[in-house]
Amino acid sequence: MERKDFLKNSVLASVGLTLLPKSNLLAANTSTSAQSVPTQFIKAGNTSFAYRRYGKKKGLPLVFTNYLTGTMDNWDPAVIDGFAREREVIIFDNAGVASSDGQTPDTIQAMAKDAVAFIDALGLKEIHLLGFSIGGMVAQQITVDRPDLVKKLILIGTGPRGGERMEDYSPEVWALFKKQYPQPDELLLDTFFTPTKESQQAGWAYLKRIRARSQKEPSLTDKVVPAQLAAIFGWGKKKPGSFEYLQQMQLPVLIVHGDQDIICPTVNGVILKEQLPNASLIVYPDANHAPHYQYPALFLQQALHFLNS
């Protein structure tokens, strides 16, 4: 089967889901939410990590690792509140990002080491892990470094070491990064969502949700983005045997991608599915880099099915 046909057939079918009746996962019925959960701090080595932790204390906690320039404020409340109704949620700023001090490393390996230090400082012995974009690269490295720690893994809009068109962004993406927007976060309408009316409506709904929190994080320093870009493109550099590490990842993995991802091309989700021993792939239609924010209720249903099965 050609990869384009594989992508088409991967929407829902790859995890064998029968959609359940419309759920209430997005209903706002918890006392603590993404808008109200306080920011805490914990020291690990020389770094003070900022984090937010809330949700139902049942089963393993779900730890999130974020995208390029992303902070805790950028996680979609519709998604993390939905998870929090069934399990404990932990979001954090890695070293040097927003409210966390220290320096942002310029390699995925070092970022993973910092993230593990944070998780260990919390005293967690086993977790589920969700990584989005560069956070998905960090999550893969964490899983390789600490297979004892991560029991299930969700990868969104990310790719393997040495993946396809991951050594640099396309001219289209660089042009978007240089574009002036009325509000800086409106860049995400172009990088996270497709130009269609439906996708843009979902994008504005996402922005409304993340803007609702009154206590905002500080802006990133000018050292963060260059370091993160160096880490992404270093991870994406093609080398002999780039995919071999994936065979070490024996745990269950759910891969989520949009069918029109301009940041991390969709073919990288297919490569992960082909190379990982125990992986499922969902490709969402008319979706760019953040399909989980475009289809939050559907994503939650599928992700929770994966985590709970």
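Every number here is computed from the coordinates shown, using simple stated rules; none is lab data. These numbers come from a predicted model, not from an experiment. Cβ coordinates were reconstructed from backbone atoms using ideal geometry, including for glycine residues, and neighbour counts include every protein chain displayed.
The residue list TYR206, ILE134, GLY82 was ranked by how far each Cα lies along the charge dipole of the chain toward its positive end, using unit charges on Cβ atoms, and GLY82 comes out on top. Which net charge results when you count Lys and Arg as +1 and Asp and Glu as -1 among the other residues whose beta-carbon is under 15 Å from that of ASP185? Here the charged neighbours net out to +1. Given their separation in residues at 0.36 nm each and the Cα-Cα distance between them, ASN278 and THR107 gain 58.9 nm when the chain is fully extended. The overall shape of segment 129-182, judged from the alpha-carbon gyration tensor, is prolate: a/c is not under 1.5, and a/b is greater than b/c.
Placing one equal scatterer on every Cα of segment 152-266 and applying the Debye formula, the log10 ratio I(q)/I(0) at q = 0.14, 0.17 Å⁻¹ is -0.78, -1.10. Membrane-span-like helices in the chain (whole DSSP H runs, Cα extent of at least 15 Å along the helix axis, mean Kyte-Doolittle hydropathy of at least -1.0): 108-121, 134-145, 224-236, 296-308. Compared with the direct C-alpha span, the chain from ALA212 to PHE177 gains 10.2 nm at full extension, assuming 0.36 nm per residue.
Dipole check for segment 161-258: with +1 at the C-beta of Lys and Arg, -1 at the C-beta of Asp and Glu, and the Cα centre as origin, the magnitude is about 200 Debye.
Computed over neighbours whose Cβ is under 11 Å from that of ILE42, the net charge equals +1, Lys and Arg +1, Asp and Glu -1. Each Lys or Arg adds one and each Asp or Glu subtracts one; over the other residues with Cβ under 13 Å from the Cβ of ILE263, this totals -4. By other beta-carbon atoms within 10 Å, ranking GLU274, GLU88 with the fewest at the front produces GLU274, GLU88. In this Cβ point-charge picture (+1 for Lys and Arg, -1 for Asp and Glu), the chain has a dipole of about 640 debye about its Cα centre.
The lysines within cross-link reach of LYS216, meaning a Cα-to-Cα straight distance under 20 Å and a gap of 8 or more places when in the same chain, are LYS208. Our helix-only sum for the chain, with -39,500 (n - 2.57) per DSSP H run of n ≥ 4 divided by its residues, gives a mean residue ellipticity at 222 nm of -10500 deg cm²/dmol.
Segment 150-210 and segment 28-89 have Cα centres lying 21 Å from one another. Within the set [x] -0.23, -0.61, -1.51; [y] -0.27, -0.68, -1.44; [z] -0.29, -0.65, -1.17, the number that log10 I(q)/I(0) by the Debye sum over Cα atoms at q = 0.07, 0.11, 0.16 Å⁻¹ takes when calculated for this structure is listed as [x]. What FRET efficiency comes out for the pair ASP148/VAL225, r = Cβ-Cβ distance, R0 = 30 Å, nearest 0.05? Computed FRET efficiency for ASP148 and VAL225: 0.35. The fewest-to-most ranking of THR65, THR32 by surrounding Cβ atoms within 10 Å reads THR32, THR65. Under 1.5 on a/c is rounded, so check that first for segment 89-194, then, if it is not, pick prolate when a/b is larger than b/c and oblate when it is not; a ≥ b ≥ c are the square roots of the alpha carbon gyration tensor eigenvalues. Prolate. Taking the Cα centre of segment 33-113 as reference, the dipole from Cβ charges on Lys and Arg (+1) and Asp and Glu (-1) amounts to some 440 debye.
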